[in-house]
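The values are calculated or read from the model by the stated rules, or taken from the named source; none is laboratory data. The shown structure was predicted, so the numbers you read here are calculated from the model rather than taken from an experiment. Cβ placement follows ideal geometry from the backbone for every residue including glycine, while neighbour counts extend to all protein chains displayed. Just so you know, the surface numbers come from the protein's heavy atoms only, side chains and all, with ligands and any DNA or RNA stripped out. Shrake-Rupley method; radii C 1.70, N 1.55, O 1.52, S 1.80 Å.
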Amino acid sequence: MGQSSGYYTSSAVQLFTIVSCLLVLSCAGSVAAYKNYTVGDSLGWFDTLEKPGVNYQKWADSNNFSLGDFLLFNTDNNHSIIQTYNFTTYKLCDYDDALQNDTIQWSAADPSSTAPHPISVAVPLLKEGMTYFFSSDYDGEQCNNGQRFKVNVTHGQGLPKSLQDPSDDAPAPNSPDFGSDDSAPETIVPANFNHPIEEDSDKDAASGSGSISFDGKFNGFFMLLQIVYIFFKL
C-alpha cells in the first residue's frame, strides 16, 4: 500500500508540473501582439499654442515601439504629419530639402482653411531604429512649439505579412499621384481604428493581436487535454 500511495503521489506531482508548464505556454501567445498608440492620448496631435499641455516626447518616452505597431494621429487639417529618418530634417523642422526615401508626408495642412475639420491618420512603423515625427507648417512654427517627437523602434516580432514587401507601383504618400481615388492610402482611418489583421486570418479573427493569442491558447489547451487523457488511461 505504501508503495502504491507513493507512486500515485509522485505521478500527481509530475502531472501538476506538466499542466503548469502547458498553461504558461498556452498563455504566452497573448503576450506578444502588435499595438496601436494614439499620439498624445486624449490631447491629440497639436502644437502648444493650441494645446499648452501637450508633451509628445514625454509621451513617446513612456511607451515601447516595435516593428508593425501603428501610431494614430488625431488632429485637424491645419496640422501636418511628417515622418523622417533624417535627424537634420527633424532638427530644422523643414522637409523641403529632404530625400523622398527618408521622409514621408502622411498628411498636409491647409493653412487657408477657415473651418478646420478633424482627421485621423494611422502611420505604420516599418523600420528599426530612430524615427522622427513633426508638423512642418507655418515655417516650422508648429514644430518649434512642441509638435514633434522621436521614437526608437525595436524589432519585436518583425513586420506582419500585411506590411511586408509593399508594391513598387504604389505611390508614396508624398508622390504626385498620391491622393487620387486609386491610390488613397489605407492608413487614413477613423478614430476608432483597430490594428489591421493578418492577411491569412481576415475571415477568422477580429484583430491581428487577437488571432495570435487565440491560436496560442487553444494549442496549449488541446495539448493539456491529451496529457490528462494519457495519464488517467494509464
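Going by the conditions given, is residue 67 farther than 22 Å from residue 44 by Cα, touching a residue at least 12 places away in the same chain (Cβ under 8 Å) and of a type in the set (A, V, I, L, M, F, W, C)? The answer is yes for residue 67. Scanning the range 66-89 for residues that are over 14 Å from residue 134 (Cα atoms) and modelled with pLDDT of 95 or more gives 66, 67, 68, 69, 70.
Pairing each residue of the range 83-112 that is of a type outside the set (Gly, Ala, Ser) with any residue that is in a helix (DSSP H, G or I), provided the two are 6+ apart or on different chains, yields C-beta distances under 6 Å for 84/90; 93/143; 93/144; 95/89; 103/89. Within the range 63-88, the set of residues being open to solvent by 10 Å² or more (accessible area, probe 1.4 Å) and either more than 18 Å from the chain's Cα centre (by Cα) or among the small types (Gly, Ala, Ser) (or both) comprises 66, 76, 77, 78, 86, 87, 88.
Condition first: touching a Ser or Thr at 6+ places or on another chain (Cβ under 6 Å), modelled with pLDDT of 95 or more and part of a helix (DSSP H, G or I). Can you find one or more residues in the range 90-100 that meet it? Yes. If we keep just the residues of the range 101-120 that are in a strand (DSSP E or B) and in contact with an Asp or Glu (Cβ under 8 Å, 6 or more places away or on another chain), which is least open to solvent (accessible area, probe 1.4 Å)? Going through the qualifying residues, I end up with 119.
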